[in-house]
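Let me begin by presenting the structure, written as structure tokens, before commenting on it.
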Amino acid sequence: MSADQMSIGDMLAATVPMARTLNLEFLETSPEQAVVSLPDQGEYHNHVGGPHAGAMFTLGESASGAIVLAAFGDQLSRAVPLAVRAEIAYKKLAMGAVTATAKLGRPAAEVVAELDAGQRPEFPVTIEIRRADGAVTSEMQVVWTLRPNSKD
């Protein structure tokens, strides 16, 4: 893992208290993909002994934030990335550690071109959350925007 990849995980852990609270592990952060793991921790279990739905949502949203920072970190001086909406579908019972893999739903260059044109672009990030055996337990989509900084 490169220093740039570590800095994204470190930055998220430092600026997003919930990511730090859940002890999320940022395994890969690149403009192509972000992979984040939620360790198996009893204090974040649900009534059936697996990761709580809220912890899994935070895992997926954090993975989406990591790829947004990796893809658009060079735009932070002129725009703020914000989640606009999110949806999650719980497919199978999650037990043990789970890992979220996030991917951009639009080319980054297309999003930046809209920002360059004075627009407030929106773009989806898709996330799959898997158990250690590879089974997909959840599918998620977070729609993000790059809100241009005001000149006021």
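The values are calculated or read from the model by the stated rules, or taken from the named source; none is laboratory data. Quantities reported herein were computed from a predicted structural model and do not represent experimental measurements. Ideal geometry is used to build each Cβ from the backbone, glycine not excepted, and the neighbour counts take in all protein chains shown. These area figures cover heavy atoms from the full protein model, side chains too; ligands, DNA and RNA do not enter into them. Shrake-Rupley method; radii C 1.70, N 1.55, O 1.52, S 1.80 Å.
Identify the residue in region 72-87 that is of a type in the set (Gly, Ala, Ser) and under 17 Å from residue 60 (Cα atoms) and, among all such residues, is surrounded by the most Cβ atoms within 10 Å (Cβ to Cβ).
To start, the set of residues in region 72-87 that are of a type in the set (Gly, Ala, Ser) comprises 73, 77, 79, 83, 86.
Filter again for under 17 Å from residue 60 (Cα atoms), leaving 83, 86.
Working: 83: 14, 86: 16.
The residue in question is 86.
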Item to check | In region 116-152, the residues that are open to solvent by 10 Å² or more (accessible area, probe 1.4 Å) and of a type in the set (Val, Ile, Thr) | outcome: 126, 136, 143
Next on the checklist: Suppose the filter is in a helix (DSSP H, G or I) and under 19 Å from residue 141 (Cα atoms); does residue 8 pass it?
Outcome noted: no
Checklist outcome for this item: Restricted to region 39-70 and to residues being of a type in the set (A, V, I, L, M) and over 12 Å from the mean Cα position of the chain (by Cα), the residue surrounded by the fewest Cβ atoms within 10 Å (Cβ to Cβ) is 48
Item to check | Close pairs (9 angstrom Cβ cut-off, 6 or more residues apart or separate chains): among the basic types (Lys, Arg) in region 89-102, exposed (fewer than 15 other Cβ atoms within 10 Å of the Cβ) and part of a strand (DSSP E or B) anywhere | outcome: 91/136; 92/136
Item to check | Hits in region 33-80 (condition: outside any loop (DSSP other than H, G, I, E, B), over 27 Å from residue 119 (Cα atoms) and of a type in the set (A, V, I, L, M, F, W, C)) | outcome: 35, 36, 38, 53, 55, 56, 57, 59
